[in-house]
Amino acid sequence: MMEIIVNGEKKEIEEGINIERMIKVLGYDENSFAVAVNGTFVALKAYHDSILEEGDKIEILAPMVGG
């Protein structure tokens, strides 16, 4: 197990996990938000290839609706 920070909260996840798997493990709907790792946004098509590391800071941002 390793520790990452997701939206300011410490989370324990399996080592070698990618963003795609992390989204499922944490229960998010993968099409309704943007993900940034250590301040850099990650494209949806790169979720499978983006492996998380100990101490990574993840921001999961939901789009705002309205005008």
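The values are calculated or read from the model by the stated rules, or taken from the named source; none is laboratory data. Just so you know, these numbers come straight off a predicted model, no measurement behind them. As a convention, Cβ positions derive from the backbone with ideal geometry for all residues, glycine included, and neighbour counts pool all protein chains shown.
List of remarks:
- Qualifying residue in segment 52-65 (condition: in contact (Cβ under 8 Å) with a residue 24 or more places away in the chain, outside any strand (DSSP E or B), surrounded by 12 or more Cβ atoms within 10 Å (Cβ to Cβ) and of a type in the set (Gly, Ala, Ser)): no
- Of residues in segment 1-31 being assigned to a strand (DSSP E or B) and touching a residue at least 40 places away in the same chain (Cβ under 8 Å), the one nearest to the chain's Cα centre (by Cα): 6
- When segment 16-46 is filtered for residues that are at pLDDT below 95 and among the aromatic types (Phe, Trp, Tyr), the ones remaining, listed by number, are 28, 33.
- Selection count, segment 36-51, where residues are exposed (fewer than 10 other Cβ atoms within 10 Å of the Cβ) and part of a helix (DSSP H, G or I): 1
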